[in-house]
Amino acid sequence: MSTGTPTVTPAAVEVHGVHKWYGALRVLDGVDLTVRPGEVTVILGPSGSGKSTLLRVINHLEKPEIGYVSVNGELIGVRRQGERLKELSERAILTQRSRIGFVFQNFNLFPHLTVLDNVAAAPVATGRLAKPEALALARELLDRVGLADRTGAYPRQLSGGQQQRVAIARALALRPGVILFDEPTSALDPELVGEVLAVIKDLATSGTTLVIVTHEVGFAREVADRVVFIDGGRIVEQGPPSEVLDRPRHERTRDFLSKVL
Ligand code: ADP
Ligand code: MG
């Protein structure tokens, strides 16, 4: 007779009852979200609804006032100890953050480093890889995002679409358990959006766990396992794209989709 508890693969990301406010402004109002390993979650919602704040809480760039977040089964931010909430050490936070990739709207590349060094920097700085191995990995990842011929360029010499593809390669270099994207194509000229979405789609179909904030509803329909609609700091509804996008149950979701489609 088995007496042990069954082994359950931990969620890639688990957000528990998170409340976040700035002064009197309540930005996240009781958010619960579970992302399974390999799952692609797309977050939709109007401007100011708390989408970026939610990603920043997951990455511990912001601390929730109430609630907690775990990534790959490890608690981030406030840790629950019985009924008490305990702060994690800075070191623990940094270790956990290095397991999460973050791709920003404005790329945030290091301007003074070449494309190759932008991608190789983090594995060296965190002591994960020696320089030669990091450079080899960076070349491999830049090849994957279609930039094998631009390794020696500086960010300013690249288009926005190319810079964002470098940022994606850089996020991949730490072999993260999950990659968070905050409106990765919003700053791009329309003709450059497709090349970035194609790279993200390649990751999605190869089993990488992704959480993507975007207004690209067509893209969400193509790649998302789950669509989450957030408004006023609350998850209004979530489910497969065929439900949330094609048969939304809530008026606020219908209203939002009618504006972005
Ligand atoms: P979204 O990404 O959905 O547009 P955000 O998470 O960026 O929304 O912001 C949600 C709300 O929180 C907005 O009203 C925004 O002005 C406010 N906000 C975000 N960051 C801060 C901050 N650091 N200080 C004060 N208010 C903030
Ligand atoms: Mg935002």
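We did not get these values from a lab; they are worked out from the coordinates using the rules stated. Everything numeric here is computed off the predicted structure, so don't read it as measured data. All Cβ positions, even for glycine, are placed from backbone atoms using ideal geometry, and neighbour counts span all protein chains on display.
Between ASN108 and ARG221, full extension at 0.36 nm per residue minus the direct alpha carbon distance yields a gain of 37.9 nm.
Based on Cα contacts under 8 Å between residues 6+ apart, segment 43-175 shows a relative contact order of 21 percent. Residues considered: SER47, SER70, SER98. Largest GNM mean-square fluctuation over the chain, using C-alpha springs under 10 Å, is found at SER47. Could you tell me the calculated FRET efficiency between ASP189 and ASP255, based on Cβ-Cβ distance and R0 = 22 angstrom, to the nearest 0.05? The pair ASP189/ASP255 has a calculated efficiency of 0.20. For segment 106-175, averaging the sequence separation of C-alpha pairs within contact (under 8 Å, six or more residues apart) and dividing by the residue count gives a relative contact order of 46 percent.
Subtracting the Cα-Cα distance of ALA121 and GLU90 from their residue separation scaled by 0.36 nm leaves 9.1 nm.
Its convex hull of Cα atoms gives segment 208-261 a direction-averaged projected area, equal to a quarter of the hull surface, of 3.6 nm².
Note that segment 1-74 carries a Kirkwood radius of 13.6 Å, evaluated over its alpha carbons pair by pair. Ranking LEU88, HIS19, SER159 by how far each Cα lies toward the positive end of the dipole of the chain (charges on Cβ) leaves LEU88 at the top. For the chain, the Cβ-based charge dipole about the Cα centre amounts to some 620 debye (Lys, Arg positive; Asp, Glu negative; other atoms uncharged). Of the residues GLY218, ALA130, LEU180, the one whose Cα sits farthest toward the positive end of the charge dipole of the chain, with +1 on the Cβ of Lys and Arg and -1 on the Cβ of Asp and Glu, is ALA130. Extending 7 Å from Cα along the Cβ direction at ARG156 and again at ARG247 yields two label points whose distance is 5.5 nm.
This ranking places TYR68, TYR154, TYR22 by how few other beta-carbon atoms lie within 10 Å of each, fewest first, which gives TYR22, TYR154, TYR68.
Pairs of alpha-carbon atoms within less than 8 angstrom and 6+ residues apart define the contacts here; what relative contact order does segment 125-255 have, in percent? Result for segment 125-255 is 16 percent. Taken about its Cα centre, segment 106-175 carries a charge dipole of about 120 debye when Lys and Arg each add +1 at the Cβ and Asp and Glu each add -1 at the Cβ.
Taking the inverse of the mean 1/r over every pair of distinct Cα atoms in segment 106-175 gives a Kirkwood hydrodynamic radius of 11.5 Å. Taking the chain as a Gaussian network of alpha-carbon nodes connected by springs under 10 Å, the highest mean-square fluctuation of the residues GLY23, GLY146, GLY45 belongs to GLY23. Full extension of the chain between ARG234 and ALA136 gives 31.0 nm of extra length, using 0.36 nm per residue less the Cα-Cα distance. Counting only residues at least eight positions apart within a chain, or on another chain, the lysines with an alpha carbon under 18 Å from that of LYS63 are LYS20, LYS51, LYS86. Dividing the summed helix terms, -39500 (n - 2.57) for each DSSP H run of n ≥ 4, by the number of residues in the chain produces a 222 nm estimate of -10500 deg cm²/dmol to the nearest 500.
Using every pair of distinct Cα positions in the chain, the Kirkwood expression returns a hydrodynamic radius of 19.2 angstrom.
Build a GNM of the chain with springs between Cα atoms under 10 Å: which of ARG97, ARG156, ARG139 gets the top mean-square fluctuation? Residue with maximal mean-square fluctuation among ARG97, ARG156, ARG139: ARG156.
If R0 equals 35 Å, the separation of the Cβ atoms of LYS201 and ALA24 corresponds to a calculated FRET efficiency of about 0.30.
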